[in-house]
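Okay, structure first, notes after.
The values are calculated or read from the model by the stated rules, or taken from the named source; none is laboratory data. Note that the structure is predicted; figures quoted are calculated from it, not measured. So basically every Cβ, Gly included, is an ideal-geometry build from the backbone, and we count neighbours across all protein chains shown.
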Amino acid sequence: MPEWTPKALRQAIAEHAPKLLPDFDAHWKWAIADAYDVGPVPAFMALWWGEYALARDPELDAHVQDLEVRASEATDSAEAKALLEEASKIRHRVQRLKPGE
């Protein structure tokens, strides 16, 4: 993982997960670039930190997407809940990664 800065994260996304870059840039422009305070930056970083962490591991990213698709198609609410909980646990785990991991 890169340093915990928007600039370093953007550079890592550009190098290792360029498919995320248009959405990252659009979200930055909408949520941060025109803001008059930096209050939203931690939430922005947490969201994109996790998105990058998944995107840099295509196998894990595909697994999470599969869990979410299967949950959306499940006819049993308990099954859907279990699938979403598993995806959520993975997303939370990758959001806790530190720079250099």
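If I ask for residues that are crowded, with 17+ Cβ neighbours inside 10 Å and closer than 26 Å to Glu15 by Cβ, which ones from the range 46-67 would you list? Lay out the reasoning, then the answer.
Quick first cut of the range 46-67, residues crowded, with 17+ Cβ neighbours inside 10 Å only: 48-56, 61, 64, 67.
Passing the criteria: Trp48, Trp49, Gly50, Glu51, Tyr52, Ala53, Leu54, Ala55, Arg56, Asp61, Val64.
Look at Ala71 and say whether it is at pLDDT 95 or above, surrounded by 15 or more Cβ atoms within 10 Å (Cβ to Cβ), more than 20 Å from Pro99 (Cβ to Cβ) and over 11 Å from the mean Cα position of the chain (by Cα). In short, yes. Quick check on Arg93: is it assigned to a helix (DSSP H, G or I), crowded, with 16+ Cβ neighbours inside 10 Å and basic (Lys, Arg)? Considered against the rule, which asks whether it is assigned to a helix (DSSP H, G or I), crowded, with 16+ Cβ neighbours inside 10 Å and basic (Lys, Arg), Arg93 comes out as no. Only a single criterion out of (1) surrounded by 15 or more Cβ atoms within 10 Å (Cβ to Cβ); (2) of a type in the set (A, V, I, L, M); (3) at pLDDT 95 or above is not satisfied by Ile32, namely (3).
To keep it simple, each residue is scored yes or no on (1) part of a loop (DSSP other than H, G, I, E, B); (2) of a type outside the set (A, V, I, L, M, F, W, C); (3) under 27 Å from Ala80 (Cα atoms); (4) in contact (Cβ under 8 Å) with a residue 12 or more places away in the chain.
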{"site": "Phe24", "(1), (2), (3), (4)": "no, no, no, yes"}
{"site": "Trp28", "(1), (2), (3), (4)": "no, no, no, yes"}
{"site": "Val38", "(1), (2), (3), (4)": "yes, no, no, no"}
{"site": "Trp48", "(1), (2), (3), (4)": "no, no, yes, yes"}
{"site": "Glu51", "(1), (2), (3), (4)": "no, yes, yes, yes"}
{"site": "Leu54", "(1), (2), (3), (4)": "no, no, yes, yes"}
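Among the residues of the range 58-101, those that are touching a residue at least 24 places away in the same chain (Cβ under 8 Å) and charged (D, E, K, R) comprise Arg91, Lys98, Glu101.
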